[in-house]
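The values are calculated or read from the model by the stated rules, or taken from the named source; none is laboratory data. Computed from a predicted structure; not experimentally measured. As a convention, Cβ positions derive from the backbone with ideal geometry for all residues, glycine included, and neighbour counts pool all protein chains shown. Ligands, DNA and RNA are excluded from the accessible area calculation, which covers all protein heavy atoms including side chains. Shrake-Rupley method; radii C 1.70, N 1.55, O 1.52, S 1.80 Å.
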Amino acid sequence: MKRSLTLLFIIFISSVICIYAYESPDTNRTITVRAVHTKEPIIIDGILSEEVWQNAFAIIGLTQLDPNEGKPETERTEVRIAYDDNALYVGARMYDSSPDSIIKNLARRDVSINSDWFEVYLDPFNDKRTGYYFAMNAGGTLYDGTLYNDTWSDQSWDGVWEGKVHVDDKGWTVEMRIPFSQLRFNMKDADVWGIDIQRQIARKHENDYLIYVPKNSNGFVSRFAQLVGIKNINPPSHFEFLPYLTSKAEYSDPGLGNPYNKGSVYTPNIGADLKMGIGTNLTLNATINPDFGQVEIDPAVINLTDVETYFQEKRPFFVEGSSVFNFGRGGVTNYWSFNWWTPTLFYSRRIGRAPQVSIPSYDFIDEPNGTHILGAAKIIGRVDGDWNIGAIQALTKREYADYQTGGQKFTTEAEPFTYYGIVRAQKEFNEGHQGVGFISTYTDRFFRNSTLKDQLNGSALVSGLDGWSYLDTSGTWVINGWYSESYVKGNKTDMLNLQTSSHHYFQRPDSKYVSVDSNATSLTGYSGRIVLSKQKGDWGVNSAFGVLSPGYEINDLGYLPVSDVINMHVASWYQWTKPNNFFRNAQLGGALFRTYDYEGDITWEGLFHNGSLQLLNFYWLNWDYAYNPKTVNIRATRGGPSMINPPGWQVDFNIGTDSQKDLVFSLGSGIYKTSYSEQSYIYGEIDFNPMPNISLSIAPELDKNYDNAQWVNSYSDPYDLSTNGSRYVFAQFHQTTFSAGIRLNWTFTPKLSLQLYVQPLISSGDYRNFKELAKPGTYSFNTYGQGSSTFDNATYTVDPDGAGPAQPFTIDNPDFNFVSLRGNAVLRWEYLPGSVVYFVWTQTRSDQESTGDFQFRNSLNRMWTLHPDNIFIVKFTYWINM
């Protein structure tokens, strides 16, 4: 164990040291694009009538990436770049020999749809790793986002810019105005940026680039052409003010005698967001009384595990620029993982989440759905040349819950006043071929109620270092490494609860490496990972070694549901990127993987194979297979003794039709099977564009789960010496789940759209043949009702040894039949650039019965007859640019 950790440290330090020993490769770009200065006002109407579009330097001669890599574009493209003191302008003419065949479907902003496209990529810092993209389709939809780690993109950023398209008998044209205030760059008398151009001709499946990346290679931003000619600009200061006004009406079933719910609640709110440029390198975002409500609701889930469900962030303040806070992901662009939980050091949904405190038993309760955020500030940008930085500071309100029990009313503190902070910085060297960075998050809670101190950590500090280095001048081989430590502090009760929680399970009776310390007032831990990857050429390699120590804890402001992990894998693949008589491209891969705990037990291992194929008609299919031999399970008994994972195998298969058509189908199925269990699924998806401005997606899925040993509960029994004084109860489990995601997008204009989303969910779970673990370290059970034990099927009462000394106990009936219907409708109107009105309707309805039968028709009828909860929101924002 110590040798493994020492090796981890040595490899990480070596990768950092090689930054300073590395000789920067020659990456001179061979294509130069010139922007011209204009004093002529440019009207953004999609018609290239201004003089500058006739005389400026023309970018011509794009090259195909698809379908015929390296061949010239089949339709001529001309692009020109201009600028004034305030903005960058892009004018593009896409000639087309069949203009009536141009696909010009319309969608709401940033929603991908089958259409002809034009896109410009910019690297204003010329760092060959980061940048922006701005795109329009032939229907007039706007797309934008950021670029990072050379090849990755993030569409969460929404800049305020203008763009129009025009279709004529020659093809179609694009005209863009991108204010300098929306970009971060170095202010110089004469600056050099990076640039690339992309055009997509949908009917031909054609993707053309100014600089294209071969399919068996890697990199993107690092290959951009040079954009020169931008000089002596003096953009105005960047100051944006976005006040908002909301009105919210909630209608729900109050239930009989509920003193806190009269059936309706009306809530007005007002606040403002501020965005200010600090020079041209940094942007400060601040918010006063923020509206952090989500426009789109989270999906319903059935979670029977001891692992917390992870939900995606959807709040714009946290989504925009979130890639800056990515940790441990630089350099390598193709990550593989097997049974490895990558720590998310900053999980922004911790800020403003629902109160965590356990409220005493009650008849009725009134508590907030989320913790109110008093204020938050965010700064993102670049300093001192090559340091990318980001920081978020937030304060959340002290929240209270009112509850009634036995006719008496009480008020209790449900969440303390809390500070959250995160700082991230990363420095790049040698044009991004090496980099180092650090991150730190801090949570501090200020309690008034001593009961809360027993349930929540008082403070938490997490810090980390990360870095990467190319190992050759071409960037074929890359090494990435990171290391992190955590420190949480609380009172003895809180630390006892933390040690015995599902994140750590220190109380496991057969563990020799960790044990519960009832006097502890703090917990520390560490984690780290090294990744080595070959990411250019027809064959690739990816290998990794990572550790999560038993005491590593980041969940105050991060996300990591497990610890006590030593994980490793080695993977390789080969790809065919040139079309032949049978397929357009294909890939075959395989891997070996293994996971230990800190006791040295193998908790998971196996071999894995995967493959993919794109046919000549652009249909596609992929598959995978895995085999897992017998291993040790240290989590099945939820803090009890270890068990055995029986050997098993897994197969998945997926197929889909041509994604460039108006009607697209995909279908997939998979199974995981052992001698004692079987989980399977089948799903389908239909994507249909009945009209150029309407898209419909329907994605049903059916899941089946049979488990011979599904966890039920544990019961203390001093007479059960075979399992250390507790009985760990399991059952045979049959679960059937049907769900579907139904989405309709109706785009009236590029600035006015309606989005509808509906998710029905039906799930039943039937528990039978209750039993207890017979012996630690096995997969053997004593079934209740056999031998000397008895089981009452009516009351679920167990007498584990009949006439013996053990006391009977009763199991709560775990059978369930759950139905849920969730949906929302969002009408979005951008009435002025950056200014938006939202009309939102959200409806939820759910019910659960204590029966394990899956009755599809009855469940649907029950779903429709349930009383719904409705929420109506109107939100008005007005963008002011000063």
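List of remarks:
- THR412 open to solvent by less than 60 Å² (accessible area, probe 1.4 Å), assigned to a strand (DSSP E or B) and within 19 Å of SER358 (Cβ to Cβ): yes
- Pairs with Cβ under 9 Å, 6+ apart, first in the stretch 48-60 and of a type outside the set (A, V, I, L, M), second open to solvent by 90 Å² or more (accessible area, probe 1.4 Å): SER49/ILE43; GLU50/PRO41; GLU50/ILE43; PHE57/ARG34
- Candidate set: the stretch 856-882, residues that are charged (D, E, K, R) and outside any helix (DSSP H, G or I); chosen: the one farthest from PRO290 (Cα to Cα): ASP869
- Failed criterion for VAL423 (all others in (1) touching a residue at least 40 places away in the same chain (Cβ under 8 Å); (2) surrounded by 17 or more Cβ atoms within 10 Å (Cβ to Cβ); (3) under 26 Å from ASN285 (Cα atoms) hold): (1)
- Residue match in the stretch 278-291 (condition: farther than 30 Å from ASN633 by Cβ and among the small types (Gly, Ala, Ser)): yes
- Criterion: open to solvent by 20 Å² or more (accessible area, probe 1.4 Å), under 28 Å from the mean Cα position of the chain (by Cα) and either of a type outside the set (Val, Ile, Thr) or over 13 Å from ASN137 (Cβ atoms) (or both) - qualifying residue of ARG93, ARG76, ARG108: ARG108
- Only listed residue being over 26 Å from GLY600 (Cα atoms), open to solvent by less than 70 Å² (accessible area, probe 1.4 Å) and touching a residue at least 24 places away in the same chain (Cβ under 8 Å), chosen from GLN660, GLN650: GLN660
- Qualifying positions in the stretch 211-254 - of a type in the set (A, V, I, L, M, F, W, C) and either assigned to a strand (DSSP E or B) or without any contact (Cβ under 8 Å) to a residue 60 or more places away in the chain (or both): ALA225, LEU227, VAL228, ILE230, PHE239, PHE241, LEU242, LEU245, ALA249
- A count restricted to the stretch 663-682 and to residues that are open to solvent by 50 Å² or more (accessible area, probe 1.4 Å), of a type outside the set (Gly, Ala, Ser) and closer than 25 Å to THR631 by Cβ stands at 5.
- All positions within the stretch 502-533 that are surrounded by fewer than 20 Cβ atoms within 10 Å (Cβ to Cβ) and closer than 15 Å to VAL478 by Cα: LEU532
So that you can scan it fast, the table gives a plain yes or no per residue for (1) in a loop (DSSP other than H, G, I, E, B); (2) open to solvent by 50 Å² or more (accessible area, probe 1.4 Å); (3) of a type outside the set (Gly, Ala, Ser); (4) farther than 19 Å from ALA376 by Cβ:
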{"site": "MET276", "(1), (2), (3), (4)": "no, yes, yes, no"}
{"site": "PRO290", "(1), (2), (3), (4)": "yes, no, yes, no"}
{"site": "THR309", "(1), (2), (3), (4)": "yes, no, yes, yes"}
{"site": "LYS314", "(1), (2), (3), (4)": "yes, yes, yes, no"}
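- Among the candidates LEU284, LEU245, residue that is open to solvent by 60 Å² or more (accessible area, probe 1.4 Å) and either within 30 Å of THR877 (Cα to Cα) or touching a Gly at 6+ places or on another chain (Cβ under 8 Å) (or both): LEU245
- The criterion of being surrounded by 17 or more Cβ atoms within 10 Å (Cβ to Cβ) and either in contact with an Asp or Glu (Cβ under 7 Å, 6 or more places away or on another chain) or closer than 30 Å to GLN735 by Cβ (or both) does not hold for THR865.
- Residues in the stretch 612-637 that are farther than 26 Å from THR577 by Cβ, touching a Pro at 6+ places or on another chain (Cβ under 8 Å) and not aromatic (Phe, Trp, Tyr) were compared, and the one that is least open to solvent (accessible area, probe 1.4 Å) is ASN628.
- Among the residues of the stretch 439-475, the ones that are open to solvent by 70 Å² or more (accessible area, probe 1.4 Å) and within 26 Å of ASN218 (Cβ to Cβ) come to 3 in all.
- Against the list (1) under 27 Å from TYR132 (Cα atoms); (2) at pLDDT below 90; (3) not acidic (Asp, Glu), the condition VAL307 fails is (1).
- Candidates are the residues of the stretch 691-719 that are open to solvent by less than 30 Å² (accessible area, probe 1.4 Å) and among the hydroxyl-bearing types (Ser, Thr, Tyr); the one that is farthest from the chain's Cα centre (by Cα) is SER695.
- Of all the listed residues (SER181, SER222, SER217, SER252), the sole one being under 30 Å from THR657 (Cβ atoms) and surrounded by 15 or more Cβ atoms within 10 Å (Cβ to Cβ) is SER217.
- For the stretch 334-383, residues that are of a type in the set (Gly, Ala, Ser), open to solvent by less than 40 Å² (accessible area, probe 1.4 Å), in a loop (DSSP other than H, G, I, E, B) and out of contact with any His (no Cβ under 9 Å at 6 or more places or on another chain) total 1.
Yes or no, residue by residue, for (1) modelled with pLDDT of 90 or more; (2) open to solvent by 70 Å² or more (accessible area, probe 1.4 Å):
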{"residue": "SER24", "(1), (2)": "no, no"}
{"residue": "THR27", "(1), (2)": "no, no"}
{"residue": "THR30", "(1), (2)": "no, yes"}
{"residue": "ALA35", "(1), (2)": "yes, no"}
{"residue": "GLU40", "(1), (2)": "yes, no"}
{"residue": "ILE43", "(1), (2)": "yes, yes"}
{"residue": "GLY46", "(1), (2)": "yes, no"}
{"residue": "GLU51", "(1), (2)": "yes, yes"}
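- Residues satisfying the criterion are present in the stretch 221-238 (criterion: among the aliphatic types (A, V, I, L, M) and under 30 Å from TRP341 (Cβ atoms)).
- Count of the stretch 378-393 residues which are at pLDDT 95 or above and of a type in the set (A, V, I, L, M): 2
- Subset of the stretch 387-401 that is over 25 Å from the mean Cα position of the chain (by Cα) and buried (at least 17 other Cβ atoms within 10 Å of the Cβ) - its residue that is farthest from TYR148 (Cα to Cα): ALA401
- Members of the stretch 811-825 found to be open to solvent by less than 20 Å² (accessible area, probe 1.4 Å), under 20 Å from HIS867 (Cα atoms) and among the hydrophobic types (A, V, I, L, M, F, W, C), listed by number: PHE816, VAL819, LEU821, ALA825
- Only one of the listed residues (ARG845, ARG828) is open to solvent by 40 Å² or more (accessible area, probe 1.4 Å) and out of contact with any helix residue (DSSP H, G or I) (no Cβ under 6 Å at 6 or more places or on another chain). That residue is ARG828.
- A single entry from ASN55, ASN126 fulfils the requirement of being at pLDDT below 95, out of contact with any helix residue (DSSP H, G or I) (no Cβ under 8 Å at 6 or more places or on another chain) and on the phi > 0 side of the Ramachandran plot: ASN126.
- Being farther than 19 Å from THR810 by Cβ, surrounded by fewer than 18 Cβ atoms within 10 Å (Cβ to Cβ) and free of Cβ contacts under 8 Å to residues at least 12 places away in the same chain holds for only one residue in SER722, SER780, and it is SER780.
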